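Undergrad: First the structure, which I've put down as C-alpha cells, then a few questions once you've had a look.
The values are calculated or read from the model by the stated rules, or taken from the named source; none is laboratory data. Keep in mind that what you see is a predicted model, and the values were worked out from it rather than measured. Glycine gets a Cβ as well: all are built from the backbone with ideal geometry, and neighbour counts include every protein chain shown.
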Amino acid sequence: MHASSLGQTGLPDPALRTDPAATAGIDPRPASPAAIPLEPTRRSLLSIGVRIAAGFGVALLLLGGFSMAVNSRLDAAAQERQWVQHSLEVLSTNERALRMIRQAEAAARGFKLTNQLLFRQQFDSSVIDTERTLSELRALTADNPTQQEIVGTLVPVIRQRFQSMRLLFEPNAGSAEEVVMAGAALMDRVEQLSGAVDREDRRLLSERRERAGAAEQLTKQLVAYGALLAVLLIALTGWLVTRSILRPVDRLSAGARRIARGEYQVPVAISRDDELGQLAASFNHMAADISARELALSEQDWLNSSLARLSRLLEGARDPSKLGAKILGELAVLVGARQSLIYVPTSDGSDVLELQASYASD
C-alpha cells in the first residue's frame, strides 16, 4: 500500500530538488475569469426612437413657439398701424365735413346774389353730404369719449348753421347782412369745435405712430434674436440627442475592439437598458461565452499536456524511488505544491511505512 502527501513538511532529498524559481508560487492551471456584469445597471427611461422623436418634437415646439411669437408681434404691429390709419380717417372725415359746410355756405350766398336754382341744388346736396359725413365721424370717434363729446356738441351747431343758411333762400327773411352776421358767429363755433376734434386726433395720431414704430422695432428684434435663439436651442437639442446616441456607440466600438484583441474580462459599460443597452448586454454575453469556451479549451489542453508528460515519465521507469521523485516533481509543479512525500509499506501487510520519495522547493 502506497501513501503520498502533498504540501506536507518533510526532509527533502537534495538530489530530487528542482529549480525553486521555476515553481515557487506559480499555479500552472488556467485561471477562472472574474465575474463580468453582463446587464445594464440601471433602467433607461427613453429608448433611442423616443429620444430621436423627442428631439424632433422639441425642435418643432421651438419653431412653433417662435412662429406664434412672431405672428403675435406682427398682429400687434398691424393693429397699431390700423389705429394710425383710423386717426388719419378721422382727420380726413373732419376736414371733409368742414369743407362741405363751407360749400353749402357758398351755395347759399350764390343763390342770394343770383337767385339761380343751381345754387339751391348745390346747397341741398352739400347738406346731405355733410349729414352723411357727420354720421361717419360719429362712428369713427366711437372709441374716444372726448371726441364723442365734441362731435355731439358740433352736430347741433352745424344744423343751426344750415338753418341760418336756409334763410337766405327765403325772399322775406329780412336783412341779408343780419343773416350773414348771425351765420358767421355759428361758423366760428363750428370751426372751433372742428379744430378741437382735429387737435385731439392729431395727439392720438402722434401717440399711435410712436406705438406703431415701437411695435415694428420690437417685431424686427424678435425676428432677428428669436430666430438666432431658436437655431441655437434646436442645435443644442440635436447635439444632446446625438451625444446620447454616439457616446454609447463609441463604447460599443471600443468593446468590440477589446473582444477582437482577446480582452474578454472588460465588459462594455453602458448603464441603460434601451436598444444600445441591450446591444451592449449582447456584446458582454458574447465575450463571456467566448471567455468560457477558451477557458474550457485551455483546461482541456492543460489536462492533456499534463497527462502526456506523466506518461513520458512512466515510460521505461523501473526504480521506485526515482520514479516517485519524478512523479512528485511533476505533480508539485502541476498543482503548485511546495513540498510532497511518498511513503510505502516496508512489506506486504505491514503497518510500518518508509519514505520512498520526497520533493521540496524554497
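Undergrad: Here are some conditions: (1) within 24 Å of Ala77 (Cα to Cα); (2) surrounded by fewer than 17 Cβ atoms within 10 Å (Cβ to Cβ); (3) in contact (Cβ under 8 Å) with a residue 40 or more places away in the chain. Glu275 meets all but one. Which one does it not meet?
TA: Of the numbered conditions (1) within 24 Å of Ala77 (Cα to Cα); (2) surrounded by fewer than 17 Cβ atoms within 10 Å (Cβ to Cβ); (3) in contact (Cβ under 8 Å) with a residue 40 or more places away in the chain, the odd one out for Glu275 is (1).
Undergrad: Which of the following residues is part of a helix (DSSP H, G or I), at pLDDT 75 or above, of a type in the set (A, V, I, L, M, F, W, C) and under 30 Å from Val50 (Cβ atoms): Leu295, Leu236?
TA: Criteria check complete, one pass: Leu236.
Undergrad: Going by the structure shown, is Glu210 surrounded by 13 or more Cβ atoms within 10 Å (Cβ to Cβ), closer than 28 Å to Leu88 by Cα and of a type in the set (Asp, Glu)?
TA: Against the criterion (surrounded by 13 or more Cβ atoms within 10 Å (Cβ to Cβ), closer than 28 Å to Leu88 by Cα and of a type in the set (Asp, Glu)), Glu210 does not qualify.
Undergrad: Something else about it: Please work out which one of (1) without any contact (Cβ under 8 Å) to a residue 60 or more places away in the chain; (2) over 17 Å from Ala184 (Cβ atoms) is the condition Val157 fails and give its number.
TA: (2) is the only condition that Val157 fails.
Undergrad: Can you tell me which residues in segment 118-145 are of a type in the set (Val, Ile, Thr) and buried (at least 18 other Cβ atoms within 10 Å of the Cβ)?
TA: Within segment 118-145, Val127, Thr130, Thr133, Thr141 qualify.
Undergrad: Based on what the data block shows, is Thr41 polar (S, T, N, Q), at pLDDT below 75 and more than 18 Å from Thr237 (Cβ to Cβ)?
TA: yes
Undergrad: Quick one: which residue in Ser306, Ser321 is polar (S, T, N, Q), in a helix (DSSP H, G or I), crowded, with 17+ Cβ neighbours inside 10 Å and modelled with pLDDT under 75?
TA: Exactly one of Ser306, Ser321 is polar (S, T, N, Q), in a helix (DSSP H, G or I), crowded, with 17+ Cβ neighbours inside 10 Å and modelled with pLDDT under 75, namely Ser306.
Undergrad: Which condition breaks for Asn115 when tested against (1) touching a Ser or Thr at 6+ places or on another chain (Cβ under 6 Å); (2) surrounded by fewer than 20 Cβ atoms within 10 Å (Cβ to Cβ); (3) under 19 Å from Ser164 (Cβ atoms)?
TA: The one condition Asn115 does not meet is (1).
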